[in-house]
Amino acid sequence: LTMGPPRAAEILREALYRGADRVVLLTDRKTAGSDTLATSYTLKCAVEKIGTYDLVFCGRQAIDGDTAQVGPEVAEILSLPQITYGVEIQLTPNKKRIQVKRETENGYEVLEARLPAMVSASKGASIRRIPSFQDVLDARLKDVSVLTAGDLDLDEAELGLKGSYTQVVKVFP
């Protein structure tokens, strides 16, 4: 699941090449200009619309705002335990919990959380699966599902600039 402009479908297609079963693009002009809270609210609604889940897996941070807030905010809104900066994930033998090796300033630590949970990923020592030619061919048969704000049961006052409590005024190094 990603929220963005229609061109974000290409990123989702890459996930299909790498083995994702299903991908969903949430795209709507009504979400443009969303701060982290409005983005988190919208993604939470999309997660609930998609259905049941065991793990909400997020990237560490977006490349535009670079805040690393959306994943943890989604977890908070969904009342999920969360582990940030994960580099390795394993299910416990009873499959009711996960163990996550997470990156810290001083190295690594291993934490455990009950499922469902949210994990945000860090690059760390992860090894990315390179898709085979057959993976790419198989993925071309799968569609990128599209959701709009109208497909979700949400308050439009919570979307985009209207629903944002913060606005970026200036960005500088």
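The values are calculated or read from the model by the stated rules, or taken from the named source; none is laboratory data. All figures in this text were calculated on a predicted structure; none of them were measured in a lab. Here the Cβ is made from the backbone with ideal geometry for all residues, glycine too, and neighbour counts use every protein chain on show. The area values use the complete protein model at the heavy-atom level, side chains included, leaving out ligands, DNA and RNA. Shrake-Rupley method; radii C 1.70, N 1.55, O 1.52, S 1.80 Å.
Some observations on this one:
- Picking from residues in the range 134-173 that are more than 20 Å from the chain's Cα centre (by Cα) and of a type in the set (S, T, Y), the one that is most open to solvent (accessible area, probe 1.4 Å) is Y165.
- Scanning the range 36-51 for any residue that is open to solvent by 70 Å² or more (accessible area, probe 1.4 Å) and not hydrophobic (A, V, I, L, M, F, W, C) turns up at least one such residue.
- Close Cβ contacts (under 6 Å, 6 or more residues apart or on different chains) running from residues in the range 141-165 that are β-branched (V, I, T) to residues that are surrounded by 15 or more Cβ atoms within 10 Å (Cβ to Cβ) comprise V144/A9; V144/L12; V144/V23; V144/L25; V146/L25; T148/D28.
- Near pairs, Cβ below 9 angstrom, 6+ apart or cross-chain, from the range 12-38 (in contact (Cβ under 8 Å) with a residue 40 or more places away in the chain) to any residue that is among the charged types (D, E, K, R) and open to solvent by less than 40 Å² (accessible area, probe 1.4 Å): L16/D135; Y17/D135; R18/D135; G19/D135
- Test: residue in the range 1-8 that is at pLDDT below 85, closer than 29 Å to Q134 by Cβ, surrounded by fewer than 16 Cβ atoms within 10 Å (Cβ to Cβ) and out of contact with any His (no Cβ under 7 Å at 6 or more places or on another chain): no
- All told, L161 meets the bar of being farther than 14 Å from T84 by Cβ and in contact with a Gly (Cβ under 6 Å, 6 or more places away or on another chain).
- Some residue of the range 94-102 being at negative phi, outside any strand (DSSP E or B) and either open to solvent by 40 Å² or more (accessible area, probe 1.4 Å) or in contact with a helix residue (DSSP H, G or I) (Cβ under 8 Å, 6 or more places away or on another chain) (or both): yes
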